[in-house]
Amino acid sequence: MDITLKLPDDIVERLQAHWKDLPRRAVESLAIESYKAGVLTSYEVQRMLGLSSRWATDEFLKKAGAYLDYTEEDLKQDIETFRRLSAR
């Protein structure tokens with residue numbers, strides 16, 4: 001799907017002076033905000049931006065201040081899973 005943004009020319013000029021690839025920046029901003037809002041997963045962000053790996057996606061999101069939503073309960077479950085699997 002193609003999406004068109006209508007912006008005043010003077011604003012476009014100022015934005016392009018700051019970000020050379022304005023369409024890419026707009027897509028990245030949408031991906032970041034969608035991830036932060038819980039609308040998209042990191043995998044969906046990866047697909048949306050055409051990033052090469054999970055690690056590249058994590059790096060991108062970290063630089064944007066969009067950190068993994070990882071709770072203490074998630075950590076406890078991961079530790080229990082690790083213990084269970086390593087006991088085999």
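If you place +1 on the Cβ of every Lys and Arg and -1 on the Cβ of every Asp and Glu, how big does the dipole about the Cα centre of the chain come out, in debye to the nearest 20?
It works out to roughly 320 debye.
What full-extension length gain, to one decimal in nm, is calculated for Arg47 and Leu68 as 0.36 nm per residue of separation minus the Cα-Cα distance?
Taking Arg47 through Leu68 to full extension adds about 5.9 nm, to one decimal.
Taking 0.36 nm per residue of separation and subtracting the Cα-Cα distance, what length does fully extending Leu75 through Ala37 add?
Contour length minus Cα-Cα distance gives 11.5 nm.
With a 1.4 Å probe and every protein chain left in place, work out the accessible area per residue of the chain in Å², rounded to a whole number.
Per residue, the chain has 86 Å² of solvent-accessible surface.
Taking the chain, how much of its Cα-Cα pair set, in percent, is spaced more than 23 angstrom apart?
Result: 43 percent of Cα pairs exceed 23 Å.
Normalised by the empirical 2.2 N^0.38 Å for globular proteins, what value does the Cα Rg of the range 6-53 take?
1.34
For the range 23-88, which whole percent of the accessible surface, found with a 1.4 angstrom probe, sits on carbon and sulfur atoms?
54 percent
The values are calculated or read from the model by the stated rules, or taken from the named source; none is laboratory data. It should be emphasised that the depicted structure is a prediction, and the values quoted were computed from it without experimental measurement. Note: ideal-geometry Cβ built from the backbone for every residue, glycine included; neighbour counts use all protein chains shown. In case anyone asks, the SASA skips ligands and DNA or RNA and just uses the protein heavy atoms, side chains included. Shrake-Rupley method; radii C 1.70, N 1.55, O 1.52, S 1.80 Å.
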